[in-house]
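Worksheet: one structure, shown below.
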């Protein structure tokens with residue numbers, strides 16, 4: 001599944017463009033985000049798929065970037 005996102009503060013955003021940020025390693029429900037220590041998961045609201053690293057590196061046509069995929073099987 002291909003997913004994308006953008007932001008435009010002048011229009012209302014549909015669920016197709018919205019993501020939920022989950023703090024995976026928080027110790028309690030009221031724990032706050034820590035930019036260095038927090039492990040986060042980005043979940044696409046419309047599909048429920050989470051972004052994850054596939055373990056693959058793209059060839060030169062992809063500038064040797066790592067592949068990120070949308071995974072429907074979100075584990076907690």
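Listed here are the residues, each with its yes/no results for (1) free of Cβ contacts under 8 Å to residues at least 60 places away in the same chain; (2) surrounded by 11 or more Cβ atoms within 10 Å (Cβ to Cβ); (3) part of a loop (DSSP other than H, G, I, E, B).
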position	(1), (2), (3)
38	yes, yes, yes
41	yes, yes, no
48	yes, yes, yes
52	yes, yes, no
61	yes, no, no
64	yes, no, yes
68	yes, yes, no
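Residues in the range 5-20: is at least one under 17 Å from the mean Cα position of the chain (by Cα) and at pLDDT 85 or above? Looking for residues that are under 17 Å from the mean Cα position of the chain (by Cα) and at pLDDT 85 or above, one finds at least one in the range 5-20, hence yes.
The values are calculated or read from the model by the stated rules, or taken from the named source; none is laboratory data. A quick note: this is a predicted structure, and the numbers were derived from the prediction, not measured. Cβ atoms come from the backbone with ideal geometry, glycine included; neighbour counts cover every protein chain shown.
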